[in-house]
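**Q** Sharing a structure below in structure tokens format, with a few things to ask.
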Amino acid sequence: MRNLKYDSKALWRMDRDHYVHPWTDFSTFKETGSDVIAEGDGIYVFDADGKRYIDGIGGLWCVNIGYGREEMAQALAEQARRICYYSTFTHLTTPPAAELAAKLAQLAPGPLNHVFYTTGGSESNDAIARFIAFYFNRLGKKSKKKIIARTDGYHGSTLLTATITGVAFDKIGFDTIEDLVHHIPCPNPYRRPEGMTVEEFGDQCIADLENKILELGPENVAMFFAEPIMGAGGVIVPPPGYHKRAKEVCAKYEVKYISDEVVTGFGRLGHFFASKDNFDLQPDVITTAKGITSGYQPLGAILLSDEIYDVISVPQEKGAMLTNGFTYSGHPIACAAGLKNIEIMEREDICGHVREVGPYFKKRLESLYDLPIVGDVRGSHFMLCVEFVADRKTKALLPPEAAIGNRISRLAQERGAIIRPIGHLNVMSPPLTMTKAQVDDLVEIIRQSATLAMDELKREKLW
Ligand code: PMP
């Protein structure tokens, strides 16, 4: 417990009565309101009453260097004193915007040497879809507009990026754009057809992509969106070789490969970017956000190849320019946060730490296989999940009333750890500074919570 002086009840009430939360089930929210998370330190957060939790979700896959870094606070304050904001429209810039762009170009794989700033992941994906359509217009290939994405992929919450998103649950009741985005099946090896090897399944996933391009007509397909490991769709690691082969298919039909590294960027998989280092993929574009500042400021970035930049940056008509941008593109305090965040990551070799502790984390989670409701432990490094099932052999799900993900998260929270429920899964994406001893603490809480959940389910006759 930390001795905190917040009026937690008043905060709870103000929040419940006035704050329209993103991604909220209002049927329960109106009764329970929010847990007020007031402070953080390292891998821990504290609620307004001072109770400490292991932050198993890193804020929302984003607080990579951990909470409460004095150096970060100072960098932000210093930049606010120097200049809090200046436009980067047309021919203006600020020192942090320029320096961070150069640093990102240095860290990004291959010819991704050009950076466009946004304020988050949705904006990065939204803007790149616009850029790529603009790119093909400039090449005179005006029919190349369609987007291919995957079922269960998550790419954002704007009208366009929610349309690109392939998680059906995320769109219930909302409109999406008609006939622009086409989804191919999710490359989830755990749920592959029975009797098929992972290799055969990988072949099928690649054929799905090529067949979709051919069905739509290569002259109509502009881009393919894919996360290296699908995050919100259930921490899905595709079959070996998937991304590299998918890129080859895209290249064959002049389809731009957009690697959505909003979650996987900045160390979560042990490298600054996962595309090349984890998956041997050289994408045409990387979109990113989240860990770029470890959540100390909202910032997103698009990393463009020389080839795309050369097309979109050469004026073709007099007066024509790249009319795309946001007031806060290249915000100096956000860019200063990005620079300091990267400096800390390099100085402390946080990627090396993730490469060392990540496999241990996964092994520890795999020790949960002695619990019969654990169906699959998957993911990589600091992006992991447990899939709960009624029967490991048949992979049958528990009934929806079991609300197994929520149930385990609730039990874990009571025991001092926040983990994220997604349907019948629980997802882990903690700060990257988590030590092996802290991994043990977290896994022990998950074990206790899953064991208690099994008892509850039996009592409630749901299992
Ligand atoms: N892409 C991926 C892979 C994401 O996980 C997310 C958010 N979780 C986004 C895009 C959207 O980012 P934001 O919420 O910052 O708009």
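The values are calculated or read from the model by the stated rules, or taken from the named source; none is laboratory data. Just so it is clear, the structure is predicted and the values come from calculations on it, not from any experiment. Reconstructed Cβ throughout: ideal geometry from the backbone, glycine too, with neighbour counts over all protein chains shown.
**Q** Taking only segment 136-149 into account, find how many residues are modelled with pLDDT under 95 and of a type outside the set (D, E, K, R).
**A** Matching residues across segment 136-149 total 3.
**Q** I've got another one for you. Among the candidates Gln282, Gln297, which residue alone is at negative phi, away from the ligand (no atom under 13 Å from the Cβ) and at pLDDT 95 or above?
**A** The conditions single out Gln282.
**Q** Hey, any hits in segment 233-242 for a residue that's crowded, with 22+ Cβ neighbours inside 10 Å, among the hydrophobic types (A, V, I, L, M, F, W, C) and assigned to a loop (DSSP other than H, G, I, E, B)?
**A** Yes, the conditions are met somewhere in segment 233-242.
**Q** Where residues in segment 262-271 are among the hydrophobic types (A, V, I, L, M, F, W, C) and either more than 16 Å from the chain's Cα centre (by Cα) or within 12 Å of the ligand (Cβ to nearest atom) (or both), which of them is farthest from Asp349 (Cα to Cα)? Full working, then the answer.
**A** Taking segment 262-271 first, the residues among the hydrophobic types (A, V, I, L, M, F, W, C) are 262-263, 266, 269.
The next check asks that each one be either more than 16 Å from the chain's Cα centre (by Cα) or within 12 Å of the ligand (Cβ to nearest atom) (or both); those that pass are 262-263.
On the way: Val262: 20, Val263: 19 Å.
Filtering first and then ranking leaves Val262.
**Q** A further question on this structure: If you take the residues in segment 296-312 that are farther than 16 Å from Glu123 by Cβ and touching a residue at least 12 places away in the same chain (Cβ under 8 Å), which one is surrounded by the most Cβ atoms within 10 Å (Cβ to Cβ)?
**A** Once the filter is applied, the top-ranked residue is Tyr296.
**Q** Could we say that Glu39 is assigned to a helix (DSSP H, G or I) and farther than 25 Å from Arg447 by Cβ here? Even if it seems obvious, please write down each step before you answer.
**A** Numbers: assigned to a helix (DSSP H, G or I): no; farther than 25 Å from Arg447 by Cβ: yes.
For Glu39, the condition - assigned to a helix (DSSP H, G or I) and farther than 25 Å from Arg447 by Cβ - is not met.
**Q** I need the full set of residues from segment 165-176 which are more than 14 Å from the ligand (Cβ to nearest atom), surrounded by 13 or more Cβ atoms within 10 Å (Cβ to Cβ) and not charged (D, E, K, R), in order please.
**A** Answer for segment 165-176, where residues must be more than 14 Å from the ligand (Cβ to nearest atom), surrounded by 13 or more Cβ atoms within 10 Å (Cβ to Cβ) and not charged (D, E, K, R): just Thr176.
**Q** Return only the number of the condition from (1) within 12 Å of the ligand (Cβ to nearest atom); (2) not in a loop (DSSP other than H, G, I, E, B) that His155 does not satisfy.
**A** Status for His155: all satisfied but (2).
**Q** To continue, here is another question. Buried (at least 16 other Cβ atoms within 10 Å of the Cβ) and at negative phi, is that true of Leu104?
**A** When the stated conditions are applied, Leu104 passes them.
**Q** Ok, one more. Residue check: is Thr323 without any contact (Cβ under 8 Å) to a residue 12 or more places away in the chain, among the polar types (S, T, N, Q) and in the same structural domain as Phe131 (by TED's automatic domain parsing)? Give the derivation first.
**A** Details: without any contact (Cβ under 8 Å) to a residue 12 or more places away in the chain: yes; among the polar types (S, T, N, Q): yes; in the same structural domain as Phe131 (by TED's automatic domain parsing): yes.
Yes; evaluated as a whole, the condition is true for this residue.
**Q** Also: Tell me yes or no: at least one residue of segment 108-121 is closer than 28 Å to Arg378 by Cβ, within 14 Å of the ligand (Cβ to nearest atom) and of a type in the set (Phe, Trp, Tyr).
**A** There is no residue in segment 108-121 that is closer than 28 Å to Arg378 by Cβ, within 14 Å of the ligand (Cβ to nearest atom) and of a type in the set (Phe, Trp, Tyr).
**Q** Among the residues of segment 313-326, is there at least one that is modelled with pLDDT of 95 or more and either crowded, with 18+ Cβ neighbours inside 10 Å or of a type outside the set (Asp, Glu) (or both)? Break it down into steps so the answer makes sense when it comes.
**A** Initially, segment 313-326 is screened for residues modelled with pLDDT of 95 or more, giving 326.
Filter again for either crowded, with 18+ Cβ neighbours inside 10 Å or of a type outside the set (Asp, Glu) (or both), leaving 326.
Checked against the condition, which is being modelled with pLDDT of 95 or more and either crowded, with 18+ Cβ neighbours inside 10 Å or of a type outside the set (Asp, Glu) (or both), segment 313-326 yields at least one hit.
**Q** A follow-up question, please. Of Asn64, Asn3, which residue is out of contact with any strand residue (DSSP E or B) (no Cβ under 9 Å at 6 or more places or on another chain), part of a loop (DSSP other than H, G, I, E, B) and within 30 Å of Cys351 (Cβ to Cβ)?
**A** Just a single option satisfies the conditions, and that option is Asn64.
**Q** Could you identify the single residue in Ala246, Ala232, Ala226, Ala274 that is away from the ligand (no atom under 14 Å from the Cβ), at negative phi and of a type in the set (Gly, Ala, Ser)? Step through it out loud before you land on a result.
**A** Values: Ala232 fails: away from the ligand (no atom under 14 Å from the Cβ); Ala226 fails: away from the ligand (no atom under 14 Å from the Cβ); Ala274 fails: away from the ligand (no atom under 14 Å from the Cβ).
Result of the check over Ala246, Ala232, Ala226, Ala274: Ala246.
**Q** Please specify each residue of segment 141-157 satisfying the condition of being under 15 Å from the mean Cα position of the chain (by Cα) and of a type outside the set (D, E, K, R).
**A** Hits for segment 141-157 are Gly153, Tyr154, His155, Gly156, Ser157.
**Q** Looking at Asp179, is it farther than 30 Å from Gly375 by Cα, without any contact (Cβ under 8 Å) to a residue 40 or more places away in the chain and crowded, with 16+ Cβ neighbours inside 10 Å?
**A** Here the answer is no, as Asp179 does not meet what is asked.
**Q** To continue, here is another question. Please tell me if Thr287 is of a type in the set (Ser, Thr, Tyr) and either in a loop (DSSP other than H, G, I, E, B) or surrounded by fewer than 23 Cβ atoms within 10 Å (Cβ to Cβ) (or both).
**A** no
**Q** Right, Ser259: within 22 Å of the chain's Cα centre (by Cα) and either without any contact (Cβ under 8 Å) to a residue 12 or more places away in the chain or over 26 Å from Ile147 (Cα atoms) (or both) or not? It would help to see each step written out before you state the result.
**A** Values: within 22 Å of the chain's Cα centre (by Cα): yes; either without any contact (Cβ under 8 Å) to a residue 12 or more places away in the chain or over 26 Å from Ile147 (Cα atoms) (or both): no.
No: the conditions fail for Ser259.
**Q** Another question, then. Only one of Ala127, Ala162 is surrounded by 20 or more Cβ atoms within 10 Å (Cβ to Cβ) and either closer than 25 Å to His271 by Cβ or touching a Cys at 6+ places or on another chain (Cβ under 9 Å) (or both). Can you tell me which?
**A** Every option except Ala127 fails the conditions.
**Q** From the list Gly358, Gly352, Gly416, which one is under 21 Å from Thr264 (Cβ atoms) and either surrounded by fewer than 21 Cβ atoms within 10 Å (Cβ to Cβ) or assigned by TED's automatic domain parsing to the domain that holds Phe266 (or both)?
**A** Answer to the selection: Gly352.
**Q** May I ask you to list the residues in segment 171-212 that are assigned to a helix (DSSP H, G or I) and in contact with a helix residue (DSSP H, G or I) (Cβ under 7 Å, 6 or more places away or on another chain)?
**A** Correct list: Lys171, Pro189, Val198, Phe201, Gly202, Cys205, Ile206, Leu209, Glu210.
**Q** Could you tell me whether Ala127 is small (Gly, Ala, Ser), within 16 Å of the ligand (Cβ to nearest atom), in a strand (DSSP E or B) and assigned by TED's automatic domain parsing to the domain that holds Thr264?
**A** No, not satisfied.
**Q** Given the condition charged (D, E, K, R) and crowded, with 16+ Cβ neighbours inside 10 Å, answer yes or no: does some residue in segment 7-23 qualify?
**A** No, segment 7-23 contains no residue that is charged (D, E, K, R) and crowded, with 16+ Cβ neighbours inside 10 Å.
**Q** Further, regarding this structure: Would you please list the contacts, defined by Cβ atoms under 6 Å and residues six or more apart or on different chains, that run from a residue in segment 23-49 that is closer than 30 Å to Lys171 by Cα to a residue that is surrounded by fewer than 17 Cβ atoms within 10 Å (Cβ to Cβ) and basic (Lys, Arg)?
**A** Gly33/Arg16
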